[in-house]
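Scroll down for the structure; my scribbles are underneath it.
The values are calculated or read from the model by the stated rules, or taken from the named source; none is laboratory data. Predicted model, so just to flag it, every value in this text is computed and none were measured. Quick reminder, even Gly has a Cβ in these numbers, built from the backbone with ideal geometry, and neighbours come from all protein chains shown. Accessible surface is based on the protein model in full, side chains and every heavy atom, while ligands, DNA and RNA are left aside. Shrake-Rupley method; radii C 1.70, N 1.55, O 1.52, S 1.80 Å.
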Amino acid sequence: MAKKVVATLKTGNGKEYSKVITMTKSPKSGAYSFKEIIVHNEHVKDAIAGPQSGK
């Protein structure tokens with residue numbers, strides 16, 4: 001699946017998107033988990049600020 005994302009980003013319009021990796025700490029175990037999403041450059045700050053509604 002990662003190959004598909006990489007191949008998509010190599011197209012001409014791939015420079016308009018960024019990969020955002022966020023880290024959250026579990027309240028139960030204290031372990032950290034990472035979430036990776038591909039977002040348009042205009043929405044990077046929204047993706048970092050909090051979880052996306054509607055997904």
Q.
Which residue is modelled with the lowest pLDDT, if the candidates are limited to the range 1-50 and must be open to solvent by 60 Å² or more (accessible area, probe 1.4 Å) and part of a loop (DSSP other than H, G, I, E, B)?
A. Met1
(Q) Cβ-Cβ under 6 Å, sequence separation 6+ or interchain: first residue in the range 31-43 and free of Cβ contacts under 8 Å to residues at least 12 places away in the same chain, partner surrounded by fewer than 10 Cβ atoms within 10 Å (Cβ to Cβ) and not basic (Lys, Arg). Which pairs? (A) Tyr32/Met23
